[in-house]
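The values are calculated or read from the model by the stated rules, or taken from the named source; none is laboratory data. A quick note: this is a predicted structure, and the numbers were derived from the prediction, not measured. Cβ placement follows ideal geometry from the backbone for every residue including glycine, while neighbour counts extend to all protein chains displayed.
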């Protein structure tokens, strides 16, 4: 059976169709921006404490600087808007009052305030969280804070809130560490050639190339190092947001169980399940104290019906 949404205002339950072209893994298009997320709310942004996983993460890539961050974020925003437009046309964009959209945005609101220490640009991002009606086991966060979850990853894996936070933190980490920008920069340099690249370090033409590659935003493949880094930072974001980071272990066990035979796209470039679980278990002692000190969510949500 195809998954279906039911809105509070309507009796009918529109079918959620698959959105073509969206590989990463709302009729209302309001942005997910609240008081804690506003660019001017400086006091709301914490500094990164000495504990956590900072010592596990290397420096940001210098290659990424070859492509202007502003243009990568603009390209991502344009692609995200196009994805939503296609989803609306297929009745596959969940409305703002859908229970799982409310859930996703509530979890994001707890994680986003802890993003700034990992990337100062996050202060000005217009964070947005949406739910796409597709059975895929997928979720993503594009440059500039554009987050989307697919229905399949919530419904088929029966994720609890802490497991959702682990996925969301992982995807946010990709955006905060600008992994997509780095991949685009490497692709662009490869295409224009080394000799031409040296003449383009003024960024202008490389930035234009990044814009022209906006359609690639949902198909970029991150390296295994990128994925491992996102795992660790995602655990910290979830812990600081008040979600048990140990859920990272149960999450990937569920993923491994569902991926027997053929890995879902979400895991296509990720480290092997056993490896990532060992890495998560190794750093849990560093993030569990953050969770212990964090304010806990006042409301507990649940997964959609199986």
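Would it be correct to say that residue 226 is closer than 16 Å to residue 174 by Cα and either assigned to a helix (DSSP H, G or I) or at pLDDT 50 or above (or both)? For residue 226, the condition - closer than 16 Å to residue 174 by Cα and either assigned to a helix (DSSP H, G or I) or at pLDDT 50 or above (or both) - is met.
Checked against the criteria, residue 105 counts as assigned to a helix (DSSP H, G or I) and out of contact with any helix residue (DSSP H, G or I) (no Cβ under 8 Å at 6 or more places or on another chain). None of 65, 85 is more than 17 Å from the chain's Cα centre (by Cα), modelled with pLDDT under 80 and part of a helix (DSSP H, G or I) except 65. Restricting the stretch 88-101 to residues that are more than 17 Å from the chain's Cα centre (by Cα) and part of a helix (DSSP H, G or I), the residue that is nearest to residue 301 (Cα to Cα) is 99.
Evaluation of residue 254 against the conditions (1) modelled with pLDDT under 60; (2) surrounded by fewer than 22 Cβ atoms within 10 Å (Cβ to Cβ); (3) over 18 Å from the mean Cα position of the chain (by Cα) shows that the sole unmet condition is (1).
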